[in-house]
Structures are given as structure tokens and as C-alpha cells.
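Heads up, the thing below is written out as C-alpha cells.
The values are calculated or read from the model by the stated rules, or taken from the named source; none is laboratory data. Note that the coordinates shown come from a computational prediction; the quantities given were computed from them, not determined experimentally. Here the Cβ is made from the backbone with ideal geometry for all residues, glycine too, and neighbour counts use every protein chain on show. Heads up: the accessible areas ignore ligands, DNA and RNA and are worked out on the full protein's heavy atoms, side chains in. Shrake-Rupley method; radii C 1.70, N 1.55, O 1.52, S 1.80 Å.
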Amino acid sequence: MTILCGLHDFEIPEGINNPQKRNQQFNHLNSLVEQKTSDYTFNIKSVDRFSKHKVKVAYLKSAYLAAFVALGYGYILREELNVVRKQIQNPEKNLVAPIFLKGNKKHSKGQNILNVSDPINSILVHIDRMVVLLPPVENAENCYDDIVDFVENKSINSTLTGIKLGWPSKLEYEYDRYLIKK
């Protein structure tokens, strides 16, 4: 709905505002226009709903799902990932310590998954300019403490090395296949 008010047009999106308050506001503005009132003031309040935390939770969820597709149930249902599942289920809360790295401009496009072995054991999920470090496939005791310590204290100018798993294009379940062979 758009209203012409003197020199200004006002448009309030329908899907993201309270319809009753929106209609009240437009009715009031329409009555001012009909009365040809020129002596009025009003305030507009804009609410910024952007949340860096929720963006990180979205990346975490994407990384979790990509790891599931690549590695399978044997990896994704591990106890070490309980906190990740809780964070995804509760995006408003801050449950996961910082396990995010920013990708550099050289590696800013694309997606990839690596089984990192040095300098820290982890599953690295790279999605455009965000890198999420998830617990390693094996030997994951105290893994979050190690990952958080690495992210906060040692990640600057570090080179992570490991096995490139690629980005899954179908359900691959590589870790499940490994477990079956054992």
C-alpha cells in the first residue's frame, strides 16, 4: 500500500509489518491528506533485524548438512556434534564457541570439505568466504576446546593441510563406507 503525503510517498511492506498498526498508520495519514493538513510531524522507526549470530548459525547448519551428505550418519550422529545440533535447533542462543574462520579473498568462491590433519584435526567445511571447523572424524576427545583454541589463538596465517573430500553432489556417506569395511 502506498500513500501520497505532500511531497513524499510512503510505502510499508505488507509481509513484514503488523497489519493492524500498518492500517492504523495509513488511515491516520489518509485523514491528514483529506484534511489538507500541512502542520504535522511523525517519526519512523526502522528495526534492523540482521544478526551476525544467526548468519553464523546458518553457516553452521549448512556445514553440518554438507558434512552429513559427504560423510554419512556414522559421522554426523557422533556425540561430539550434539552441541552443533542443539545450536541449530536454538538459533537464538549462543551455544557453540567460535569455530568459524574467514576465508581469504583467494579462496572466497566455491565450496569444499577437507579432512584436516595439521595443525589441528577437524573437518573443514568451506562455503564461499566462511570456513566452519567441525570435530574430526576420529579421535575427537576435547575437540571443541582444541578447535576454539586454534581459531582464537593460532589460526592467523596458518596453513591447514589434509585430504580434500570435495563438495558432495549426491549422498556419498564416505565415513559410513569406511566403518562398514572395518
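Quick notes
- Projected label points at Ser169 and Gln89, each 7 Å from Cα along the beta carbon direction, are separated by 3.5 nanometres.
- Across the range 82-97, computed HN-Hα scalar couplings (Karplus, 6.51 cos²θ - 1.76 cosθ + 1.60, θ = phi - 60°) run 4, 5, 5, 4, 5, 5, 5, 6, 10, x, 6, 8, 10, 9, 9, 5 Hz from first to last residue, x flagging Gly and Pro.
- Cross-link check: pairs Lys52/Lys86; Lys109/Lys164; Lys93/Lys170; Lys52/Lys170; Lys102/Lys181; Lys109/Lys170 evaluated at a Cα-Cα cut-off of 28 Å; pairs beyond the cut-off: Lys93/Lys170; Lys52/Lys170; Lys102/Lys181.
- Take every Cα pair under 8 Å whose residues are at least 6 apart in sequence, average their separation, divide by the length of the range 81-146, and the relative contact order is 27 percent.
- The listed residues Glu141, Glu174 rank as Glu141, Glu174 when sorted by accessible area, largest first, using a 1.4 Å probe.
- Mean residue ellipticity (222 nm) of the chain, computed from DSSP H runs ≥ 4 via -39,500 (n - 2.57), nearest 500: -10500 deg cm²/dmol
- Extension gain, Asn18 to Asn157: 0.36 nm times the residue separation minus the Cα-Cα distance gives 45.2 nm.
- Over the chain - Rg/Rh using Cα atoms and the Kirkwood inverse-distance radius: 1.24
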